[in-house]
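Report on one structure; see the data block that follows.
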Amino acid sequence: MSKSIKVVRGMHDIVPQQSPLWQHLEGCIRQVVQGYGYDEIRMPIVEKTELFVRTIGEVTDIVAKEMYTFDDRNGDSLTLRPEGTACCVRAGIENGLLYNQIQRLWYSGPMFRHERPQKGRYRQFHQTGVEVYGLDGPDIDAELIMMTARLWKLLGLERLELQINTLGTLVARAAHREKLVEYLEANRDVLDEESLLRLEKNPLRILDSKNPGMQSMIEGAPQLLDYLDDESRTHFETLKSLLDGVGIEYSVNPRLVRGLDYYQKTVFEWVTTDLGAQGTVCAGGRYDGLVEQLGGKATPAVGFAMGMERLVALIDDRNLVVPNTAPHAYLVLVGDLAMSHGLTLAEKLRSALPMLRLRTHCGGGSFKNQMKKADKSGAPLVLMIGDDEIAQQQVTVKHLREDQPQTSLSFNELVEYLKKIVTG
């Protein structure tokens, strides 16, 4: 007998017991982003490899080590998307959404990276991203942060810390980079192998290293905040003032960076200590140079991405109340005639009450067996149809979770009865 096939390492199934958590999170996200007037965009899971090489960079771990890349039958190099921003920009340029326009967009779906699996980090993971194009002021940066704060409140998540920083304009970054490289070269003997690789292409990312042996050296490195020009400083101070105005607490983390050249000015992260090493649940920033880098006209852009698995874990760990997705009622059918009659009745009930969650028993079986399955479904009510109910054109209603008398109702009476259950 052959062995059963297991899920690919680092990927996972979301089984029915877990789905309500995901549905709750997805519903809350949709409610918040639509409340801010953002439009959904959906992009392919597979893109040309060149898209990520040009945007993320060949020397990054994502492109060099982690992407799922393959040649298709035409010889084209394709990649399962490792992140969504590059895809969103590509779609915006290709579909004429960005030039001389303001777009507020959001998307959600699976991403793929061949990383070492651990809690909160998977090879297939899910992200929700929110992106804004055509606005360059700190007010839209603040709105995105306010949006995330509102989502945490809706989800009941409290122990999340907001960290913010600014990377300045390209001019400010160039001045800082020169001094930073000079400092890092002087401390070259302290740098680990990864940092030595970043020194030429991505020196700013060295400041984000978690290597304990480099921390004292990093603490003494030139800080970008000391090299800000007036434009960058004003943008950052206005952002802080806007967050102060709505009561969102934050800390300025000068080591919060993005190593890619298209990032400018605002960067932010929401972090937690409840998930071990994978503490970032949402990261965002301004990437004003990316649209132009991909062949579009220069367009300001800012956005963020949230890790869905990490948010689900936070919701699950805190035993937060999740809306019930069990059926409102389970329809028990006793006898051959009841099967035909019952299926017709069930469709009429669903038409009369679109929000009704009704599970109809299929597959036959004794009355006792059907009642066991009704109880297992989690439904509070059983609707029973047998020969007597058919003859009297009624349905018998039995409560499974409350001590209430059994009753028989006509179709119209049943609709009104169930309406009270559905609407709460």
Query raised in the report: How many angstrom separate the Cα center of segment 1-72 from the Cα center of segment 214-262?
Result: 30
Query raised in the report: Packing-wise, with mean Cβ within 10 Å as the measure, how do 280-290, 214-224 rank, highest first?
Result: 280-290, 214-224
Report task. Measure off 7 Å from each Cα along the Cα-to-Cβ vector at ASP76 and LYS373, then give the distance between these two points in nanometres to one decimal. Result -> 4.7
Query raised in the report: If you line up the long axis of helix 308-317 against the longest principal axis of the chain, both from Cα atoms, how many degrees apart are they, to the nearest 10?
Result: 60
**Report entry** Cα-based shape type of segment 66-128, given that a ≥ b ≥ c are square roots of the gyration tensor eigenvalues and the cut on a/c is 1.5
**Finding:** oblate
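Of the listed pairs LYS6/LYS48; LYS348/LYS368; LYS240/LYS297; LYS48/LYS297; LYS372/LYS420; LYS6/LYS348, which have alpha-carbon separations greater than 32 Å here?
Table pairs above 32 Å Cα-Cα are LYS6/LYS348.
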Query - From phi via Karplus (6.51, -1.76, 1.60), per-residue ³J(HN,Hα) for segment 198-205 in Hz, x at Gly/Pro - result: 7, 4, 7, 9, 9, x, 5, 5
Report summary line: So the FRET efficiency between GLN17 and GLU178, C-beta based with R0 = 41 Å and rounded to 0.05, is 0.15
Query raised in the report: Tell me, TYR107, TYR99, TYR250 in order of fewest to most beta-carbon neighbours within 10 Å?
Result: TYR99, TYR250, TYR107
Query raised in the report: Hey, with R₀ at 56 Å, roughly what FRET efficiency would GLU249 and ALA352 work out to, going by the Cβ-Cβ distance, to 0.05?
Result: 0.70
Query - Nearest-ten-degree value, helix 138-155 long axis tilted from longest Cα axis of the chain - result: 40
Requested in this report: Determine, for HIS114, HIS126, the number of other Cβ atoms within 10 Å of each Cβ, and report the residues in order from fewest to most.
Outcome: HIS114, HIS126
Query - Cut-off 15 Å, label 7 Å out along Cα→Cβ of LYS210, residues of segment 114-143 by amide N - result: 115-122
Requested in this report: Would you calculate the separation in nanometres between label points at LYS201 and ASP136, each defined as 7 Å from the Cα along the Cα-to-beta-carbon direction?
Outcome: 2.9
Query raised in the report: Among rounded, prolate and oblate, which fits segment 329-422 when a ≥ b ≥ c are the square roots of the eigenvalues of its C-alpha gyration tensor, a/c under 1.5 means rounded, and a/b larger than b/c means prolate?
Result: rounded
**Report entry** Nearest-0.05 FRET efficiency for ASP230 and ARG116, computed from C-beta distance (R0 41 Å)
**Finding:** 0.40
Report summary line: Binned at 10 Å starting from 0, the alpha-carbon pair-distance distribution of the chain in whole percents comes out as 4, 17, 24, 21, 14, 10, 7, 3, 1, 0
Requested in this report: Arrange PHE70, PHE304, PHE52 by Cβ neighbour counts within 10 Å, fewest through most, would you?
Outcome: PHE70, PHE52, PHE304
Query raised in the report: Can you give the net charge of the other residues whose Cβ lies under 14 Å from the Cβ of GLY96, counting K and R as +1 and D and E as -1?
Result: +1
Query raised in the report: Between segment 127-153 and segment 286-364, what is the C-alpha centre distance in whole Å?
Result: 25
Report summary line: With GLU143 itself left out, Lys, Arg at +1 and Asp, Glu at -1 over residues whose Cβ is under 11 Å from its Cβ give 0
Query raised in the report: What ³J(HN,Hα) values, in whole Hz, does the Karplus curve 6.51 cos²θ - 1.76 cosθ + 1.60 give for segment 92-108 when θ = phi - 60°, with x put for Gly and Pro?
Result: x, 5, 5, 9, x, 8, 9, 5, 6, 9, 9, 10, 10, 10, 8, 8, 8
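Any read-out appearing in this document is the output of simple, stated calculations on the displayed coordinates, not a laboratory observation. The structure presented is a predicted model; accordingly, all values stated were derived computationally and were not measured. A quick note on method: Cβ atoms are made from the backbone with ideal geometry, for glycine too, and the neighbour counts reach across all protein chains shown.
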